[in-house]
1. Of all residues in region 100-109, which are assigned to a strand (DSSP E or B) and over 15 Å from Y132 (Cβ atoms)?
2. So how many residues does region 160-190 have that are touching a helix residue (DSSP H, G or I) at 6+ places or on another chain (Cβ under 7 Å) and more than 15 Å from the ligand (Cβ to nearest atom)?
3. Considering only residues that are exposed (fewer than 14 other Cβ atoms within 10 Å of the Cβ) and either in a loop (DSSP other than H, G, I, E, B) or within 11 Å of the ligand (Cβ to nearest atom) (or both), which ones fall in region 207-235?
4. How many residues are of a type in the set (A, V, I, L, M) and within 12 Å of the ligand (Cβ to nearest atom) when one looks only at region 192-206?
5. Count, please, the residues in region 65-90 that happen to be modelled with pLDDT under 90 and in a strand (DSSP E or B).
Amino acid sequence: MSERRTLQLGQENIQYILTRKKMRNMRMRITSKCEVTVSCPFHTPIADVEKFIEKNLDWIKKSQQSILQNATSLERYEYMTGEKFLYLGKEYTLMVKEGAERKVQSAGDYIFMTVYDLWDFEDKRALLDKWYKSQANKIFADRFSYLKFLHKDKFAGNYQLKIKKGVSTWGTCAVSKGVVTLNFRLIYAPIELIDSVILHEFCHFYHIHHDKDFYGLLSTLDPLYKEHSKALDRKYIDYTHYND
Ligand SMILES: [Zn+2]
């Protein structure tokens, strides 16, 4: 039997899957999706499992890092019918067919893709990527103006939104230019997490540093900001490994 557990170590939450079975010694493995799995003998106390994880934390980090750096292990998509893709925090099933027009469309729980050649993986990847990007452009712009309107008493400035691929943070704020830049990969995350990043960046227009005043303001706009930020950390791998 397996269960998903979380171990809090300082500021960090380590997610792991614990399996109890008939065996002699505890074992740990990192899956190709960077998940930590621990197997242990049936009656091992949780405290022992947690000690084991803590002791191997460096190894876990290193293994996860090397999986992430090794692009080939992430190229597990063939963009075939049945594969699952995240979009706004929800899993969608890809449906691919050949046709005279290249296009992508979502409906219900599906992402429908039409391509000239079912076996042209690069083309399918580029096409889906383009679709995600155009969705990000629309949705981020919508949320940006909605949140700015919702808090117009505070954020009346002429702010601009930019969307970038390949930025290492979820968002940045160029205060003097009035520009908020969002990471395009947020399109994989639920709307409330996209909003939480936008609100976080908005707060930088008042407070440059992450000090008490900054979090004071943020908590009035996004009372769940701690949960939101934890959710983004926890799902970081899911939300970032889809492309590139
Ligand atoms: Zn910040």
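1. Scanning region 100-109 gives a single hit, A107.
2. The number of residues fulfilling the criteria is 9.
3. Matches in region 207-235: I208, H209, H210, D211, P223, L224.
4. 3
5. So the count comes out to 0.
Table: residues versus (1) surrounded by 18 or more Cβ atoms within 10 Å (Cβ to Cβ); (2) in a loop (DSSP other than H, G, I, E, B); (3) free of Cβ contacts under 8 Å to residues at least 12 places away in the same chain; (4) out of contact with any Pro (no Cβ under 9 Å at 6 or more places or on another chain).
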| site | (1), (2), (3), (4) |
| --- | --- |
| Y92 | yes, no, no, yes |
| V96 | yes, no, no, yes |
| R125 | no, no, no, yes |
| D129 | no, no, no, yes |
| K133 | no, no, no, yes |
| N137 | no, no, no, yes |
| A141 | no, no, no, yes |
| K148 | yes, no, no, yes |
| K152 | no, yes, yes, yes |
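The values are calculated or read from the model by the stated rules, or taken from the named source; none is laboratory data. It should be emphasised that the depicted structure is a prediction, and the values quoted were computed from it without experimental measurement. All Cβ positions, glycine included, derive from the backbone under ideal geometry; neighbour counts span all protein chains shown.
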